[in-house]
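First up is the structure itself, then whatever we jot down about it.
The values are calculated or read from the model by the stated rules, or taken from the named source; none is laboratory data. Keep in mind it's a predicted model, so treat the numbers as computed, not measured. Cβ placement follows ideal geometry from the backbone for every residue including glycine, while neighbour counts extend to all protein chains displayed.
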Ligand code: BES
Ligand code: MN
Ligand code: MN
């Protein structure tokens, strides 16, 4: 047994207990009712980083939630790994769909996790995955096995767009200087199919408001004679895709990078079962852009989705009413080369243009960010690949993900370093959904694999 394996075996229960303590704190960045708890989470992480062996730890205040910074510099001549993660979580609602309360972590076995999985909001995204790095650091410092310098930057606003982190990064380039950025906030294909995320999609998130008459109207007295904002909004939204599920916004695809047939063929080699995919979601067919496979649709192609839509009467029973206003929240997932601000503008112009007479339309941009792709011939990628080979006994598959971590492209721009995305979650972990969980096997495998990344990165760098 390797030294990291025996360290994990002796400390496994404590590693789980510490994560459970962290998961009990409802650090919901989107909900101001949880401000105190979110700030408290930063304090707990600071304490844990210190205990794990950081020499210097600090809470860096921002206009929003604080950033926890920690470092252990063993020799300025050695390479430096910058670890990024987030301690904030998504709101847990709808609460009634959880089998156990989201902030009262419990361990249960599932088909995919016979060794048990921790069920709690943030278990996988990202407290569990972030904390693997803290425990890997503890192992390396306590066993004299840390081969290079390390910096930690753990933020509390990832789920709301990382706006303050971007200011912090721009203002602290020197402090954050590094040779590679390491993040565990993505997933892998399966427990026996390790993969490294090589791409993230960009994002443009907007809210739209359609206003018709100046007040809610009787749907009998006025119905048919004035524009109904909900009818209009749904029609406008429906027109954003054509019959082939292409997005109809003029200019939307102009900068989309088209992959070569060879690259697409390479992508198609990743193991994937359409039948299992449909079964896991209880759907009888997949749906998406004509001409692309499911894995292409959710990674290399841009998309537009309504995330929420409301207006009018939704209470019990029937109320005959034409609402004055209708609303929707819309996200567009973008691919490399598409500029999120430009896309937001294209959306705004188009949406305002297609509004019929009789309504007024307001488009309010929320947040966004650029997509990211990382090369597979970098030292960082090679080190990560060797680390997985060591602990999984298999070469990991490079795979682009459909999710977004908008700050990653800003890291490259401001800090001039590549990010390596070593994710240990599974698609079935239900991140952002009720009953989010993280497999204990995955948690411990992450802790086991990370120190090898440090080792191989330092060796390859010299
Ligand atoms: N960790 C996720 C992103 C992710 C998950 C990427 C799985 C790849 C695989 C992150 O916390 C997240 O949820 N990002 C948001 C964007 C953010 C600006 C709210 C997203 O992708 O919706
Ligand atoms: Mn995350
Ligand atoms: Mn998330």
### Message
Looking at the structure I just gave you, is residue 44 under 23 Å from the mean Cα position of the chain (by Cα) and either surrounded by 22 or more Cβ atoms within 10 Å (Cβ to Cβ) or outside any loop (DSSP other than H, G, I, E, B) (or both)?
### Response
yes
### Task
Specify which of the listed residues (120, 136) is touching a helix residue (DSSP H, G or I) at 6+ places or on another chain (Cβ under 6 Å) and within 28 Å of residue 459 (Cα to Cα).
136
### Summary
Within the stretch 95-141, the residues that are within 16 Å of ligand 3 (Cβ to nearest atom), closer than 15 Å to residue 443 by Cβ and in a loop (DSSP other than H, G, I, E, B) are 120, 122, 123, 124, 125, 126
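Would you tally the residues in the stretch 409-461 being more than 18 Å from residue 381 (Cβ to Cβ) and out of contact with any strand residue (DSSP E or B) (no Cβ under 8 Å at 6 or more places or on another chain)? Write out each step before concluding.
Initially, the stretch 409-461 is screened for residues more than 18 Å from residue 381 (Cβ to Cβ), giving 410, 413-414, 425-445, 447-448.
Narrowing the set further to residues that are out of contact with any strand residue (DSSP E or B) (no Cβ under 8 Å at 6 or more places or on another chain) leaves 413-414, 428, 432-434, 441, 444-445, 447-448.
Residues in the stretch 409-461 being more than 18 Å from residue 381 (Cβ to Cβ) and out of contact with any strand residue (DSSP E or B) (no Cβ under 8 Å at 6 or more places or on another chain): 11 in total.
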### Matching entry among 20, 4, 39 (being in contact with a helix residue (DSSP H, G or I) (Cβ under 9 Å, 6 or more places away or on another chain) and either part of a helix (DSSP H, G or I) or within 17 Å of residue 447 (Cα to Cα) (or both))
4
#### Entry: Where residue 398 falls short, out of the listed (1) surrounded by 17 or more Cβ atoms within 10 Å (Cβ to Cβ); (2) farther than 17 Å from residue 449 by Cα
(2)
### Query
Here are 67, 28: which of them is within 19 Å of residue 133 (Cβ to Cβ), at pLDDT 95 or above, under 21 Å from the mean Cα position of the chain (by Cα) and surrounded by 14 or more Cβ atoms within 10 Å (Cβ to Cβ)?
67
### Query
In this structure, is residue 330 surrounded by 13 or more Cβ atoms within 10 Å (Cβ to Cβ), over 30 Å from residue 167 (Cα atoms) and touching a helix residue (DSSP H, G or I) at 6+ places or on another chain (Cβ under 9 Å)?
no
### Query
If we keep just the residues of the stretch 162-188 that are closer than 14 Å to residue 408 by Cα, surrounded by fewer than 18 Cβ atoms within 10 Å (Cβ to Cβ) and at pLDDT 95 or above, which is farthest from ligand 2 (Cβ to nearest atom)?
170
### Query
Counting only residues that are surrounded by fewer than 17 Cβ atoms within 10 Å (Cβ to Cβ) and out of contact with any helix residue (DSSP H, G or I) (no Cβ under 9 Å at 6 or more places or on another chain), which one in the stretch 340-359 is farthest from residue 407 (Cα to Cα)?
357
### Message
Quick check on the stretch 197-215. Is at least one of its residues closer than 13 Å to residue 153 by Cβ, surrounded by 17 or more Cβ atoms within 10 Å (Cβ to Cβ), within 12 Å of ligand 1 (Cβ to nearest atom) and within 24 Å of the chain's Cα centre (by Cα)?
### Response
no
### Message
Can you say whether residue 164 is away from ligand 3 (no atom under 12 Å from the Cβ) and either out of contact with any strand residue (DSSP E or B) (no Cβ under 7 Å at 6 or more places or on another chain) or closer than 26 Å to residue 370 by Cβ (or both), as far as the supplied structure shows?
### Response
yes
### Message
Can you find a residue that is over 27 Å from residue 376 (Cβ atoms) and at pLDDT 95 or above anywhere in the stretch 256-265?
### Response
no
### Query
Taking helices (runs of 4 or more DSSP H) that do not extend beyond the stretch 230-317, which have at least 1 residues that are surrounded by 11 or more Cβ atoms within 10 Å (Cβ to Cβ) and over 22 Å from the mean Cα position of the chain (by Cα)?
261-267, 274-281
### Scan of the stretch 42-54 for residues that are in contact (Cβ under 8 Å) with a residue 60 or more places away in the chain and in contact with a helix residue (DSSP H, G or I) (Cβ under 7 Å, 6 or more places away or on another chain), ordered by number
48, 49, 52, 53
### Options 372, 454; residue that is buried (at least 23 other Cβ atoms within 10 Å of the Cβ) and either farther than 27 Å from residue 4 by Cα or within 23 Å of the chain's Cα centre (by Cα) (or both)
372
